[in-house]
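The values are calculated or read from the model by the stated rules, or taken from the named source; none is laboratory data. Only a predicted model underlies this, so the values are computations on that prediction, with no experimental measurement involved. Positions of Cβ are backbone-derived with ideal geometry, glycine not excepted, and every protein chain shown enters the neighbour counts. Surface areas here come from the heavy atoms of the whole protein model, side chains and all, with no ligands, DNA or RNA. Shrake-Rupley method; radii C 1.70, N 1.55, O 1.52, S 1.80 Å.
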Amino acid sequence: MKPFSALIVGAMVALAGSTEAAAPAGPIVVELFTSQGCNSCPPADALLGELNRRPEVLALALHVTYWNDLGWKDPFSQVAFDQRQNRYAQQIGRASAYTPQMVVNGTQDVVGSQRDAVNRALDKAVRSVAIIVHKNGELLDVTLPALDRRCDCVLTLFGVQAGASTRVGRGENSGRTLEEFRIVRSMQSLGSWRGEERELRVKPAHMTADITGYAVLAQERITGRMVAAGQ
C-alpha cells in the first residue's frame, strides 16, 4: 500500500492534469491568400466562407497585390499581405507564393480550392491555445494565457471585414460578381510574447466602419507555428 502522503501527491497531480485538459482550446487558424484578379480564387473564397461557419476555425482572407497589374486592381490588396505570404513560403519550404493558397496554423499549406486537401490539413492541425479578445469602446482588451513552456512568439492584430460583394470590371474575373468573406483590412504588430500570462489593452491603428471584428494571433517567430489565437 502506498503511504498516505504519496496518495495525496498523486491526487494533486491528477487534479492538475485534469485542470490543464479543461483549459479552453483555441481555434485552428486558416489564412487564405487570394486575389480578385485570379480566376482560380472564387472557389477558394467560397470554401473559406464555409469554413468560417465552423466554430473551431478562425478564417482570414488576405488579398495580395501581385495580380493587380494584370487587368484589375483588387481594392482589398496590400503589400503587407504579399510579405506575409512570402515569409510563409520560406518557412514552409515553397519555392514561391501562389493563389489561392490556404495556410493552416502557420505550418501547412494547400491549394485553397481543393476541399479534400483542406479537410485533411484541418484534421492534422493541432488546436492552438485560446486568446480572449473583448472590445472596450475604442480599445481591445486582450488576455494571453500562461503557456506550459516559454516561447519566442510574435503577436499580430488583424482587423476583419465580415464580407463583401464586388463586381469585377476587368481581368480574369471580368463581368463576375465575387462574394468574399473574412477580409483582412488591417494588420498590426503587437510585439513579442514569451508565453507568460498577460493582459493587454490595445488601441487598433485602424478602426473603420468596414472593420467589424478583430483577431489576435501568436506565432513562433522562426517557424510561424500558431501557438495561440482568438477573436
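Yes or no: A89 at pLDDT 95 or above and buried (at least 16 other Cβ atoms within 10 Å of the Cβ)? Please lay out each step first, then the result.
Values: at pLDDT 95 or above: yes; buried (at least 16 other Cβ atoms within 10 Å of the Cβ): yes.
Criteria met by A89.
Can you tell me which of L48, L60 is closer than 21 Å to V216 by Cβ, assigned to a helix (DSSP H, G or I) and among the hydrophobic types (A, V, I, L, M, F, W, C)?
Answer to the selection: L48.
Conditions: (1) hydrophobic (A, V, I, L, M, F, W, C); (2) modelled with pLDDT of 95 or more; (3) open to solvent by 10 Å² or more (accessible area, probe 1.4 Å); (4) closer than 22 Å to V126 by Cβ. A23 meets all but one. Number of the miss?
Going through (1) hydrophobic (A, V, I, L, M, F, W, C); (2) modelled with pLDDT of 95 or more; (3) open to solvent by 10 Å² or more (accessible area, probe 1.4 Å); (4) closer than 22 Å to V126 by Cβ one by one, A23 breaks only (2).
Any chance you could count how many residues in segment 44-81 are of a type in the set (D, E, K, R) and out of contact with any Leu (no Cβ under 9 Å at 6 or more places or on another chain)?
5
Could you check segment 201-231 and list, in sequence order, the residues that are surrounded by fewer than 16 Cβ atoms within 10 Å (Cβ to Cβ) and of a type outside the set (D, E)?
R201, K203, A205, H206, M207, T208, A209, T212, G213, R221, I222, T223
Quick one: V154 ticks every box in (1) at pLDDT 95 or above; (2) open to solvent by 60 Å² or more (accessible area, probe 1.4 Å) bar one, so which box is it?
(2)
Could you tell me which residue of segment 173-182 is farthest from D141 (Cα to Cα), considering only residues that are in a strand (DSSP E or B) and open to solvent by less than 30 Å² (accessible area, probe 1.4 Å)?
L178
In segment 74-91, what residues are among the charged types (D, E, K, R) and free of Cβ contacts under 8 Å to residues at least 60 places away in the same chain?
Result: D74, D82.
Filter segment 111-147 down to the residues that are farther than 17 Å from E56 by Cβ and of a type in the set (V, I, T), then identify the one that is least open to solvent (accessible area, probe 1.4 Å).
Within segment 111-147, the match that is least open to solvent (accessible area, probe 1.4 Å) is V142.
Determine which member of the set R170, R185, R198 is surrounded by 12 or more Cβ atoms within 10 Å (Cβ to Cβ), farther than 25 Å from K124 by Cα, modelled with pLDDT of 95 or more and out of contact with any strand residue (DSSP E or B) (no Cβ under 7 Å at 6 or more places or on another chain).
Among R170, R185, R198, only R170 is surrounded by 12 or more Cβ atoms within 10 Å (Cβ to Cβ), farther than 25 Å from K124 by Cα, modelled with pLDDT of 95 or more and out of contact with any strand residue (DSSP E or B) (no Cβ under 7 Å at 6 or more places or on another chain).
Regarding V79, is this residue open to solvent by less than 10 Å² (accessible area, probe 1.4 Å) and either of a type in the set (S, T, N, Q) or within 19 Å of Q188 (Cβ to Cβ) (or both)?
Taking the combined requirement at face value, the residue does not satisfy it.
Please determine, by comparing only the residues of segment 41-55 that are touching a Gly at 6+ places or on another chain (Cβ under 9 Å) and farther than 16 Å from V103 by Cβ, which one is least open to solvent (accessible area, probe 1.4 Å).
Checking each candidate, the answer is G49.
Which number in (1) in a loop (DSSP other than H, G, I, E, B); (2) more than 13 Å from the chain's Cα centre (by Cα) marks the one condition that G224 misses?
Status for G224: all satisfied but (2).
Considering only segment 192-205, I want to know if a residue exists there that is assigned to a loop (DSSP other than H, G, I, E, B), touching a Phe, Trp or Tyr at 6+ places or on another chain (Cβ under 7 Å) and under 19 Å from V129 (Cβ atoms).
So far as segment 192-205 goes, no, none of its residues is assigned to a loop (DSSP other than H, G, I, E, B), touching a Phe, Trp or Tyr at 6+ places or on another chain (Cβ under 7 Å) and under 19 Å from V129 (Cβ atoms).
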